[in-house]
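Engineer: Take a look at the following structure, please.
Please treat every number below as a calculation from the coordinates, not as lab data. None of the values given here were measured: they were computed from a predicted structure. Positions of Cβ are generated from backbone atoms using ideal geometry, with glycine treated the same way; all protein chains shown enter the neighbour counts.
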Amino acid sequence: MQRVVIIGAGPTGLGAAYRLHQLGISRSNTQVVILEEQEKPGGLSLSFRDDAGFLWDLGGHVVFSHYIYFDKVLEEAVQNWTMHKRAAFAYMMGSSGARRFIPYPVQENVLAMDRVDSERILKDIQGFNRSRTRKPGNFDEWLVDTFGEELCRFFMSKYNRKVWTVDPKEMNYEWIGERVAVPSVERIKKNKRLKDSEWGPNRNFRFPRYNGTGGIWQSVADLLPRSWFHFENRVVQLNIDKKILTVASKDGAKYSLSYDVLISTAPLDLLVTMDSSGRHGKKKAIARQLVYTRTHVVGIGLTGQPPQSLLDKSWIYFPDPDSPFYRVTLFSKYSKDHVPDSEKYWSLLCETAEHVSRASNATRWTRSTIIQSTVSALMEYGFITLEQIVSRWHRQLDHGYPVPSLHREQLLASLQGWLQSHDIFSRGRFGGWRYEVGNQDHALMQGVEVVDYLLRGTPEETY
């Protein structure tokens, strides 16, 4: 009997399991084991309901899709959805000293800024030479070549430093793809009245009516054999050469589990450094060079209703250093199920990125300091009052975003081929370490496609 072990029951692990089940693997001479350290499926797409009755996601997730297969899986799993039109904005301070809401993408709505700022940026965009043949050496050079120095100074550089926690000079630019709208002078002028927020792959999105994003993945898991899942089972070690995992169960007991094929969605750096064979020190050193952020998710549950300034917003980006968070989502707007009573309560979901340093004296946010700082900024902006707060919720994601560092592709090339030669397939947001294919649809399809590669020899397309 062959044994396929899947580490992680998030979108990628569930995608692999769903495809195995769909292809009839449960009727073959193959055993499937899914190891998940949490008590329920979802991974980084989990949802939690706090003691006050507010529901929270682990970030501002929305559901949009590039894949018919992904759509069909979700349609089978979840019946109740709410549809939304994106209303994204940036909230930023101009040269006048006043803060403004600028429709997103900012680069398409320059004329909504302070007059002196918009004139300066527009003049810069009109003047710089797009036909230059220089190949950017890093993300910072790509930003300047694409948007001009003025727009980078006002928004692009500040925001990207805040969300990635590293200088854009330390990042590559190949990951961009469809995630960034290139500015057009004609479109900027057209948007003077339209205040466009229509660009992008997620301009329209759906959200589950009940149980948050985590409810999607619980419903997908419910389509699969219950016997496959082993919750609160954490992989603590693996011997890559012998193909044996050491697993810690809920009660703390440890056991060994052999595999023929391992599909891992664990963070790639952790997977490699867990090896106990004693023979792969160089690979561990390479894995430690992968760069990532730590994310703090803070949920603020409030009485009453949002202020007038927030009523038409879905989520808001914050490039300036006067707040810890880079994004705030009006989470209660997505579903009435997110609050105890939608007539009496509303909620904000705030995300802050923290730089990960391996230095022992590195400064870190604590739960109390990040909540206090978040509340102070929201009050300073006039979004909330202290008296409105009835719930404060916090989760720290030790792996928040996989950073597209300058040498990421070389690192991945060294690690992934080596792992696959040992029948280990590392996929997913952190398993694959490619942010640009890290959304939920990409993640599920990475799991599906790796199974098709294993069973049918079909080349993977997403990863």
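Engineer: Please turn the phi angles of region 35-50 into ³J(HN,Hα) values with the Karplus equation 6.51 cos²θ - 1.76 cosθ + 1.60 (θ = phi - 60°), one per residue in order, whole Hz, x for glycine and proline.
Structural biologist: Rounded to whole hertz, the list is 9, 10, 6, 7, 7, 8, x, x, x, 6, 9, 5, 10, 9, 10, 7.
Engineer: Sticking with this structure for a sec: So if I place +1 on the C-beta of Lys and Arg and -1 on the C-beta of Asp and Glu, and nothing else carries charge, what would the dipole magnitude of the chain be about its Cα centre? I want it in debye, nearest 20.
Structural biologist: The dipole of the chain has a size of about 420 debye.
Engineer: Calculate one ³J(HN,Hα) per residue across region 301-311 by plugging θ = phi - 60° into the Karplus curve 6.51 cos²θ - 1.76 cosθ + 1.60, and present them in order as whole Hz with x for glycine and proline.
Structural biologist: My calculation for region 301-311 gives x, 9, 7, x, 9, x, x, 3, 5, 9, 4 Hz in order.
Engineer: Taking 7 Å along the Cα-to-C-beta vector as the label spot, tell me the R3-R234 distance in nanometres, rounded to one decimal.
Structural biologist: Rounded to a tenth, the inter-label distance reads 2.1 nm.
Engineer: Assuming R0 = 22 Å, can you tell me the calculated FRET efficiency for the pair Q79 and E343, based on Cβ-Cβ distance, to the nearest 0.05?
Structural biologist: Between Q79 and E343 the formula returns 0.30.
Engineer: Which of the trypsin sites (Lys or Arg not before Pro) found in region 203-301 are loop residues per DSSP with 16 or fewer other Cβ atoms within 10 Å of their Cβ?
Structural biologist: Within region 203-301, the qualifying trypsin sites (Lys or Arg not before Pro) (loop, at most 16 other Cβ atoms within 10 Å) are R203, R209, K242, K250, R279, R288.
Engineer: For the chain, what proportion of DSSP beta bridges, expressed in % and rounded to the nearest 5, is antiparallel?
Structural biologist: 70
Engineer: Considering the values [x] 43.4; [y] 27.1; [z] 23.3, which represents mean projected area of the Cα convex hull in nm² as calculated for the structure under consideration?
Structural biologist: Checked against the structure: label [z].
Engineer: Across region 213-218, in residue order, what do the Karplus-derived ³J(HN,Hα) couplings come to in whole Hz, using 6.51 cos²θ - 1.76 cosθ + 1.60 with θ = phi - 60° and x for Gly and Pro?
Structural biologist: Listing the rounded values in order: 4, x, x, 4, 7, 5 Hz.
Engineer: Relative to the longest principal axis of the C-alpha atoms of the chain, give the angle of the C-alpha long axis of helix 139-151, reported between 0 and 90° and rounded to the nearest 10°.
Structural biologist: Rounded to the nearest ten degrees, it is 20.
Engineer: Same structure again: For V116 and Q38 in one chain, what is 0.36 nm times their gap in residues minus the Cα-Cα distance, to one decimal in nm?
Structural biologist: Separation in residues times 0.36 nm, less the Cα-Cα distance, equals 22.9 nm.
Engineer: Using Cα positions and a limit of under 18 Å, work out the aspartates and glutamates in reach of K336, with same-chain residues fewer than 8 apart set aside.
Structural biologist: D50, D51, D57, D312
Engineer: Within the set K135/K313; K242/K283; K135/K158; K123/K333; K135/K283, which residue pairs have Cα atoms separated by over 26 Å?
Structural biologist: Long pairs (Cα-Cα over 26 Å): K135/K313; K123/K333; K135/K283.
Engineer: Now, a different point. Taking the Cα centre of the chain as the origin and placing charges on Cβ (Lys, Arg +1; Asp, Glu -1), which of G94, V220, Y326 is farthest toward the positive end of the dipole?
Structural biologist: Comparing the listed Cα positions along the dipole, G94 ranks first.
Engineer: Once the Cα atoms of helix 440-456 and of the chain are each reduced to a long axis, what angle between those two axes, in degrees from 0 to 90 to the nearest 10, is obtained?
Structural biologist: 30
Engineer: For R3, which sequence-distant residues (separation of 5 or more, or a different chain) have an amide H within less than 5 Å of its own amide H, given hydrogens modelled in the peptide plane?
Structural biologist: Q31, D260, V261
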